[in-house]
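Here's the structure, in structure tokens; my notes come after.
The values are calculated or read from the model by the stated rules, or taken from the named source; none is laboratory data. Given the structure is predicted, the values throughout are model-derived calculations rather than measurements. For neighbour counting, all protein chains shown are included, and Cβ atoms are generated from backbone atoms with ideal geometry for every residue, glycine included.
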Amino acid sequence: MEQFENRLKEIAQLVSEALSVSLSDALLSDEIARPARLLKAMRHGALNGGKRLRPFLVIETAGLFGVTADAAMRTALALECVHCYSLIHDDLPAMDDDDLRRGQPTVHVAFDEATAILAGDSLLTFAFDLLADEATHKDPSVRSELVLQLARAAGHGGIAGGQMLDLEAERKTPDEQGIIMLQSMKTGALLRFACEAGAILGGASREDRARVKDFGIKIGQAFQLADDILDLTSTAEQMGKKVGKDADAGKGTLVSLWGLDRAKAKADELVVESEVLLLPFGERADVLKACARYIVNRGK
């Protein structure tokens, strides 16, 4: 586990440094200007800490197929931009209405609501700028596949659609299958993409790509269970954001349906299943296996 934690910190640092450079005031070709307030808001939303778990998964999964961290970095950054956009928009007053994110004021609090919307829009758009550039991969078909899969994970069939279902859950509590669908879209879609992207970058076989995609699905489910457990058992100071909001809004979670013991047992089961998926990769997958255990242990 120590090896994993050191690797997670190392990649988080590399990602933050690369993201800071990408979100500097240096213009790319055909950009006209980068307004200072907008750029500052984007940096506030994207460079305010976080473990960088999603880009970590891109880089580590790509490593299974012989792709270096440097070669996977732009894809990792693109995914992190989409993730940060989603957090900025989720925190808006019209959505989850949160004032804290990672222990700091949310973007709409630190700036204003309109600037937060534009910052999120800009990060989402910039993600596809990063992926479409030839610097991401020399093969245009690989870049196209990355764009396609990230778009499907981020759009109305992924996290945006999941947020819509989340809003509807405030009016009518979904049943078990409804909760699973909501969470697979709002949380799971980007974690699934993170793992599949590594396989795409590495030109993996169809079977290996399916394996790491399924791994991403399993850990996405485990991640959400751990999150829901933490929402019930942790404080705002520990989480760096308000807790208990789903319960206050009357939204159902699997933890509220199943109880803590069953939820923890299911999370452990998902870890075992995810580790089995990685067995064909041998010791090369040890860090990813440790990542799955880390995800679940967050909720214990």
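For this structure, a couple of remarks:
- Applying the set (1) in a helix (DSSP H, G or I); (2) touching a Lys or Arg at 6+ places or on another chain (Cβ under 6 Å) to residue 48 leaves exactly one unmet item: (1).
- For the condition buried (at least 19 other Cβ atoms within 10 Å of the Cβ) and either modelled with pLDDT of 95 or more or closer than 19 Å to residue 195 by Cα (or both), residue 53 qualifies.
- Residue, surrounded by the fewest Cβ atoms within 10 Å (Cβ to Cβ), within the stretch 19-37, restricted to residues that are more than 25 Å from residue 190 (Cα to Cα) and among the hydrophobic types (A, V, I, L, M, F, W, C): 32
- Residue pairs whose Cβ atoms lie under 6 Å apart, separated by 6 or more positions or on different chains, with the first residue in the stretch 176-194 and free of Cβ contacts under 8 Å to residues at least 40 places away in the same chain and the second not in a helix (DSSP H, G or I), are 185/158; 189/158.
- Of the residues 206, 101, 152, 171, the single one that is of a type in the set (D, E, K, R) and crowded, with 19+ Cβ neighbours inside 10 Å is 101.
- Of the criteria (1) among the polar types (S, T, N, Q); (2) surrounded by 15 or more Cβ atoms within 10 Å (Cβ to Cβ); (3) at pLDDT 95 or above, which one residue 224 fails: (3)
- In this structure, residue 175 does not satisfy being out of contact with any helix residue (DSSP H, G or I) (no Cβ under 6 Å at 6 or more places or on another chain), of a type in the set (D, E, K, R), modelled with pLDDT of 95 or more and farther than 26 Å from residue 117 by Cβ.
- When 115, 61, 75 are screened for being farther than 17 Å from residue 191 by Cβ, in a helix (DSSP H, G or I), among the polar types (S, T, N, Q) and at pLDDT 95 or above, only 115 passes.
This table checks each residue for (1) without any contact (Cβ under 8 Å) to a residue 40 or more places away in the chain; (2) of a type outside the set (Ser, Thr, Tyr).
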position: 70; (1), (2): yes, yes
position: 75; (1), (2): no, no
position: 82; (1), (2): no, yes
position: 87; (1), (2): no, yes
position: 98; (1), (2): no, yes
position: 111; (1), (2): no, yes
position: 130; (1), (2): no, yes
position: 140; (1), (2): yes, yes
position: 146; (1), (2): no, yes
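- Residue 120 touching a residue at least 40 places away in the same chain (Cβ under 8 Å) and part of a helix (DSSP H, G or I): yes
- Residue in the stretch 31-45 that is within 28 Å of residue 222 (Cα to Cα), in contact (Cβ under 8 Å) with a residue 24 or more places away in the chain and not in a helix (DSSP H, G or I) present: no
- Unique match (being of a type in the set (Gly, Ala, Ser) and modelled with pLDDT of 95 or more) among 198, 240: 198
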